[in-house]
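Asks: Below: one structure in structure tokens.
Coordinate-derived values only; no laboratory data. What you are looking at is a predicted structure, and each value in this text was computed from that prediction instead of being measured. Positions of Cβ are generated from backbone atoms using ideal geometry, with glycine treated the same way; all protein chains shown enter the neighbour counts.
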């Protein structure tokens, strides 16, 4: 085995374990980023340049930042609570892991493993990937594009929801309306305090 | 003779490597390239800091630093000694490990990005098939280190600065990448040396075939430079470090050599993104005119790089800092639509190549420029909407 | 249109950049240690003590009334009153400060000590190159360092100094005239009362005081 592969594999696995077991959520997220980077490096080692770099760009560049933002914006004191080792979520987690492992094992069992000598690393250029995407796989590509557009529009709609003007008037009246804009005044930027 | 001068560094490397045994040669070659890049850009960082201060001074009718050495040229050495000898303060509440790792994590991707750029004929340290993808992939890792720096300092200013930096970088990464797409479409490759090659040659044997001299190339260059300014956190997009608002942003709790590392990484990022702009739009190491081809290719590259950095300094000396909402509006309501339109224009340019009648070349030029200019006008006007026309203050007559 | 303002601004800074090499009169910076601007009339930073004549000890205007010590907001003035007296400018015997210290590391340059002084003895100075390597003893100025001649004050604030000088001269004349009248009256009275002992009043009787080394 390659020395570089061993180093990358150990780093990836160690950071994955750390991502699960550390207490501080931000540390977990950072360890997960390391796992993503390790996976990207594995792809690069397999001469899958495009996939490796896309992994780096999408997971380290975007997903990691998303996770970090989510942690920072939603962090509460729950993170410090004592974790019970047998709970419904643990059971469900182990169930999912077992299911994935069994299906992976089954897939590996049914794969015809080629002898290493016969593997000729095909040099797939980015241009060929692009051509394939635009010819053979154009329909899946378009569907994914549509899906992402729909998701983005949905996100915009959720973010755009503004407080109802009637509500704001109600709030003003309830608070006794200390601030009033004087529409007749020519001095537009002045808020008269009455 | 000209060819020898052009290939000076390449043959120097080969000559140095040839002393070693066959097995060690590739590794030694890589190490030589790495040390050459790091050495060259560390020197350039020092020169840029002093030139920036000098030029900013002149822009503000001052002299700039002139105390250390002749004309103050040894100022970077004094700064470096000061940075190295300062106490390295780590806040008591800080997350020590993450606080330590943040500058390291920042400088690695920036140095990796520098390895991608073709500095001259046969002078690309790493020639990847997907070079530009690699550039953006490692570039996106810098956001993480900014977050690490801001979060681990346990300081509200640091955190606010980091949040601003990440929001800004994510917003401006999109126009940055999209404005390069038009170049990739025309060159048909992601490899940076091949993109430079596609810009070689001369129209009518005199005019350079650089991308910036086409309507889509010019628009792409401007969009790219604006987004690059924001990506490298320079004025007028220096909100993450806005010293009048949040002390120094995510750098607040850093001192000594860690601060110097951050500072250097910022400038290296600036060099990397400027080098990419030179490669994509300004013809890389190609000479502007055929009769100037005797000048070595790397000299052309660094001359163009210097010009772009001078432009950055000039902009910094002129424009005031944007407000956060203006920043976001500008990215999403102006830069993003413009870069998408630019891609359409590039496609127009590409497909209108088939027309061969007299004046077709000029007509194509005018048409593409119009398709870009009209949305520019209307989007620019829309940006200005909602701005109060004239403010009257009651107590400030 | 978007961008016109940007171009205008860039042109302005380009004009500055090129112009700063063309016309040195654009550069407003004064190269400080080599070139200096004359200090402004109203500049002030730390107080000093004014003395008349040549002898810093003898001519000190301060009478150790300690008003400035009491009024000083950060309490940076320390005065010890003398046991004996010395004559002031009109010859009247007055106390004088045995020690007069100002801690200029505490002083906030408010000028209140100057405002309250009834004897025009303490004034604001314009010196600013006061950096030292010792932040305790070197910044506690003693009487010898604080005392500066009236000529120095005349240089700093010509109008104010001239006004004070004429007032002092008038007071001195008045005092001399009064002393003369008193002496005459006394002499007359003495002559009337008893002829044998016509002792004049000690107008300029000098008390021997230790002469401080002159520092200014």
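Asks: Within 10 Å of each Cβ in peptide B:133-141, how many partner chain Cβ atoms are there on average? Round it to a whole number, please.
Replies: Mean shielding count: 6.
Asks: From the P(r) of the protein assembly as shown, can you give the percent of Cα pairs sitting at distances over 41 Å?
Replies: Percentage above 41 Å: 55.
Asks: Between helix C:158-193 and chain C, what is the angle of the helix's C-alpha long axis to the longest principal axis, kept within 0 to 90° and rounded to the nearest 10?
Replies: Taking the Cα atoms of chain C, the angle to C:158-193 is about 0 degrees.
Asks: I've got another one for you. Ranking A:7, B:308 by Cβ neighbours within 10 Å, fewest first, what do you get?
Replies: Details: A:7 12, B:308 20.
Listed from fewest to most nearby Cβ atoms, that is A:7, B:308.
Asks: Let me ask something additional. What FRET efficiency comes out for the pair residue B:154/residue A:74, r = Cβ-Cβ distance, R0 = 25 Å, nearest 0.05?
Replies: 0.85
Asks: Length gain on complete extension for the stretch residue C:187 to residue C:154, per 0.36 nm per residue less the alpha carbon to alpha carbon distance? Write out the running numbers ahead of the final one.
Replies: Numbers: separation 33, 0.36 × 33 = 11.88 nm, distance 4.01 nm.
Net length gain for the segment: 7.9 nm.
Asks: Could you give the length gained by full extension between residue C:169 and residue C:132, i.e. 0.36 nm per residue of separation minus their alpha carbon distance, to one decimal place?
Replies: 9.4 nm
Asks: Continuing with this model, one more query. Neighbouring Cβ atoms within 10 Å as the yardstick, rank B:206, B:343 fewest first.
Replies: B:206, B:343
Asks: Where in segment B:195-210 does the amide nitrogen come within less than 19 Å of the point 7 Å from the Cα of residue B:350, taken along Cα to Cβ?
Replies: Flagged as within label range: B:195-200, B:210.
Asks: Rounded, prolate or oblate, given the Cα gyration tensor of chain B, with a/c below 1.5 counting as rounded?
Replies: Note, shape of chain B comes out oblate.
Asks: Would you please put B:136-149, B:93-106 in order of how densely packed they are, using the mean number of other Cβ atoms within 10 angstrom per residue and starting with the highest?
Replies: For the peptides B:136-149, B:93-106, the packing ranking is B:136-149, B:93-106.
Asks: How many nm is it between the label spots at residue B:343 and residue A:133, if each spot is 7 Å from the Cα in line with the beta carbon?
Replies: With each label point 7 Å from Cα toward Cβ, the separation is 1.0 nm.
Asks: Also, quick follow-up: Among B:186, B:169, B:116, determine the one that fluctuates most according to a GNM of chain B built with springs between C-alpha atoms less than 10 Å apart.
Replies: Highest fluctuation of the listed residues: B:186.
Asks: Which of the peptides B:254-262, C:34-42 is most tightly packed, and how do the rest follow, judged by the mean count of other Cβ atoms within 10 Å per residue?
Replies: Final packing ranking: B:254-262, C:34-42.
Asks: At a 10 Å Cβ-Cβ cut-off, how would you order C:104, B:247, fewest neighbours first?
Replies: Working: C:104 20, B:247 17.
Ranking C:104, B:247 by Cβ neighbours within 10 Å, fewest first, gives B:247, C:104.
Asks: Also, quick follow-up: Suppose each label sits 7 Å from its Cα in the direction of the beta carbon; what would the residue A:144-residue A:10 distance come out to in nanometres?
Replies: It is 3.5 nm.
Asks: Let me ask something additional. Can you give the FRET efficiency for residue B:24 and residue A:99, using 1/(1 + (r/R0)^6), R0 = 35 Å, r = Cβ-Cβ distance, to the nearest 0.05? Don't skip to the answer; put the middle values down first.
Replies: On the way: r = 50 Å, r/R0 = 1.42.
Efficiency, rounded to the nearest 0.05: 0.10.
Asks: Is it possible to state the helix-based mean residue ellipticity at 222 nm for the protein assembly as shown, with each DSSP H run of 4+ residues giving -39500 (n - 2.57), the sum divided by total residues, to the nearest 500 deg cm²/dmol? What is it? Let's see the in-between values first.
Replies: Details: 29 runs with 457 residues, N = 807.
Computed mean residue ellipticity for the protein assembly as shown: -18500 deg cm²/dmol.
Asks: Between residue B:209 and residue B:197, what is the label-to-label distance in nm when each label sits 7 Å out along the Cα-to-Cβ direction?
Replies: My value for the distance between the label points is 1.2 nm.
Asks: Also: So if I restrict to the alpha-carbon atoms in segment B:264-350, what is the Rg, and what is Dmax, the biggest pairwise distance, in Å?
Replies: Here Rg and the maximum Cα pair distance are 16.7, 49 Å.
Asks: Further question on the same structure: On a full-extension model of 0.36 nm per residue, what is the gain between residue A:3 and residue A:109, subtracting their alpha-carbon distance, rounded to one decimal in nm? Kindly include the intermediate steps, with their values, before the conclusion.
Replies: Working: separation 106, 0.36 × 106 = 38.16 nm, distance 2.68 nm.
That pair, residue A:3 and residue A:109, stretches by 35.5 nm at full extension.
Asks: Just B:360, B:42, B:167 to compare: in a GNM of chain B, with alpha carbon springs under 10 Å, which one fluctuates most?
Replies: Of the options given, B:360 has the highest mean-square fluctuation.
Asks: Please average, across the residues of A:53-65, the number of beta carbons from any other chain that are within 10 Å of each residue's own beta carbon, and give a whole number.
Replies: Mean shielding count: 6.
Asks: Hey, in the GNM for chain B with a 10 angstrom Cα cutoff, which one of B:33, B:158, B:232 fluctuates hardest?
Replies: Sorting by GNM fluctuation, first place goes to B:33.
Asks: Here's a follow-up. Taking every eigenvalue of the Cα gyration tensor of chain C, multiplying by 5 and rooting it, what semi-axes result, largest first, whole Å? Don't skip to the end; give the middle numbers.
Replies: Details: eigenvalues 568, 87, 45 Å².
Over the Cα atoms of chain C, the semi-axes work out to 53, 21, 15 Å.
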